[in-house]
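First comes the structure, then the notes that go with it.
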Amino acid sequence: MSKKIILSGVQPTARPHIGNYFGAMKQFVNFQTTQPDAEKFFMIVDYHALNTVQDAAQMKQFTYDLALDYLAIGLDPEHSTLFKQSDVSAHTELAWIFDTIITMPYLMRAHAFKDAEAKNKEISVGTFNYPVLMAADILLYGTTTVPVGQDQKQHVEYSRDIAQKFNSIFGETFHLPEPMIMEHVGTVPGIDGRKMSKSYNNTIPLFATREEITKAVMGIVTDSGSDIPTNVRAIHALFKSETELTALYDANKGKYKILKEALIEDIDAFIKPLRERRAELAQDPDRVAQVLKQGAVRANERAQAKLIEVKKAIGVL
Ligand code: TYM
């Protein structure tokens, strides 16, 4: 059996939220114990984020912050290669090669494109091409498993299609990756009941202060017609077992304030140690730079080897 290769990425577009954590990032850390023999690559996908973050100071800050976030949740750079997408130029090079075999109608069927188009008539070519760069991210490393939230499922399917198309034209080159989506947390709801998302402004930041947690939880939309505030309970399910939840919500029917206060306590108890660890790590910004530098060296080694194989397959080398 071939080796398991796990890869995923997060955009440095804003502070990560608990949806990013439970839907994806938590798994990245768990693999260190559950998949010790797998190779693991986790990225800060800054070139993807460039579609929305177009301010150099902000890009630098979000990138540094996200690297710190990864370390603060327990990602160990000795076990996992943590790197910045833009440090490995093979990603954009391979994306171009894929551009030449992928059609526009195919990309126009992507959910993310359709959503962006519905909101904004003048979307960037980068937004349109988003799935192609993501396919390059994944396929360059021979990835077998892509741990992501439900909203990225189609993107992983696109990378499978692109791999298949390339293989059928130029010969067997790419492994077909599988998405890995966790049951129950594939779509973590936000404080308004929709998917928690940086773009909906309905998030609870992963490293939120007690005040931020309180403000977010007090803002959870509740439907006064029912004894159980479903949006509160859905978020609470991330922090308590179903048995504990049933007991708590049965004992406090209709008492929204008490239930929200209990949720604030549970979120804060969970986030507090993460916040403290992050503050500690922030004392040593050079370490972050060093981790990313080391990650870039390792990632480049792998990506370049694959790119050479691709260049030979297409006949430019
Ligand atoms: P991004 O930055 O939007 O989100 C990072 C990860 O968080 C997951 N996620 C959620 N999971 C559950 N519930 C939610 N409410 C929720 N919101 C976000 C996302 O599914 C994702 O796993 N396109 C990717 C970044 C990317 C990538 C890659 C991922 C670029 N190249 C290669 C995997 C492999 C994105 O925008 O994630």
Placing each pseudo-label 7 Å from Cα in the direction of the beta carbon, E244 and E122 end up separated by a distance in nanometres of 5.1 nm
The ³J(HN,Hα) series, computed from each phi in the range 132-143 with the Karplus coefficients 6.51, -1.76 and 1.60 at θ = phi - 60°, rounded to the nearest Hz and given as x for glycine or proline, is 6, 5, 5, 5, 4, 3, 6, 6, 4, 9, x, 4
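From the helices alone, meaning DSSP H stretches of at least four residues, give me the mean residue ellipticity at 222 nm for the chain, per-run term -39500 (n - 2.57), in deg cm²/dmol to the nearest 500. The partial results should precede the final answer.
On the way: 14 runs with 168 residues, N = 317.
The per-residue figure over the chain is -16500 deg cm²/dmol.
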Charge tally for neighbours of A72 with beta carbon under 11 Å away, counting Lys, Arg as +1 and Asp, Glu as -1, is -1
For M180, other-chain or 5+-apart residues with amide H closer than 5 Å (H placed, Pro excluded) are V146, V148
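Carbon-plus-sulfur fraction of the accessible area of the chain, 1.4 Å probe, in percent? Intermediate values should be presented prior to the final figure.
On the way: 8140 of 15410 Å².
Reported share for carbon and sulfur atoms: 53 percent.
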Contour minus Cα-Cα span, S199 to V297, at 0.36 nm per residue, comes to 32.0 nm
With the 1.4 Å probe rolled over protein heavy atoms, the chain has an accessible area per residue in Å² of 49 Å²
The helix 256-281 Cα axis meets the longest alpha-carbon principal axis of the chain at an angle in degrees, between 0 and 90 and rounded to 10, of 50 degrees
Residue span I101 to Q58: 0.36 nm per residue of separation minus Cα-Cα distance leaves a gain in nm of 12.0 nm
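Taking a 20 Å limit on the Cα-Cα distance, which of the listed pairs K40/K306; K4/K195; K215/K255; K4/K26; K198/K257 fall beyond it?
Working: K40/K306 16 Å; K4/K195 30 Å; K215/K255 18 Å; K4/K26 18 Å; K198/K257 26 Å.
Those over the limit are K4/K195; K198/K257.
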SASA check, M218, accessible area w/ 1.4 Å probe, all protein chains in place, rounded to nearest 10 Å², comes out at 90 Å²
Residue-ordered couplings for the range 181-191, obtained by feeding phi - 60° into the Karplus form 6.51 cos²θ - 1.76 cosθ + 1.60 and rounding to whole Hz (Gly and Pro as x), are 10, 6, 4, 6, 10, x, 10, 7, x, x, 6
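In debye, nearest 20, what is the charge dipole magnitude of the range 74-170 about its Cα centre with +1 on Lys and Arg Cβ and -1 on Asp and Glu Cβ, if you could check? Show your work: numbers first, answer last.
Values: 8 positive and 12 negative charges, 76 e Å.
Computed charge dipole of the range 74-170: roughly 360 debye.
What does the charge dipole of the range 198-280 about its Cα centre add up to, to the nearest 20 debye, if the Cβ of each Lys and Arg holds +1 and the Cβ of each Asp and Glu holds -1? Walk me through the numbers on the way to the answer.
Values: 13 positive and 13 negative charges, 46 e Å.
My answer is approximately 220 debye.
Tell me, what is the FRET efficiency for E265 and A305 to the nearest 0.05, using R0 = 45 angstrom and their Cβ-Cβ distance as r?
Working: r = 50 Å, r/R0 = 1.12.
For E265 and A305, the calculated efficiency is 0.35.
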Any residue on another chain or 5+ positions along whose placed amide H is under 5 Å from the amide H of T81 is listed here as K40, F41, F42
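So what is the relative contact order of the chain, in percent, for Cα pairs below 8 Å that sit 6 or more residues apart? All intermediate terms of the calculation are to be shown ahead of the outcome.
Working: 442 pairs, mean separation 73.9, N = 317.
Normalised by residue count, the contact order of the chain is 23 percent.
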With no solvent term and unit scatterers on the alpha-carbon positions of the chain, Debye gives log₁₀ I(q)/I(0) at q = 0.09, 0.12, 0.15 Å⁻¹ of -0.50, -0.86, -1.25
Residue by residue through the range 103-112, the couplings from Karplus 6.51 cos²θ - 1.76 cosθ + 1.60 with θ = phi - 60°, in Hz, x for Gly and Pro, are 9, 5, x, 5, 5, 5, 7, 5, 4, 4
Between the Cα axis of helix 285-314 and the main Cα principal axis of the chain, the angle (0 to 90°, nearest 10) is 40 degrees
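The values are calculated or read from the model by the stated rules, or taken from the named source; none is laboratory data. From a predicted model like this one, the values you see are computed outputs, not experimental measurements. With ideal geometry, Cβ positions are generated from the backbone for all residues, glycine too; neighbour counts draw on all protein chains shown. In case anyone asks, the SASA skips ligands and DNA or RNA and just uses the protein heavy atoms, side chains included. Shrake-Rupley method; radii C 1.70, N 1.55, O 1.52, S 1.80 Å.
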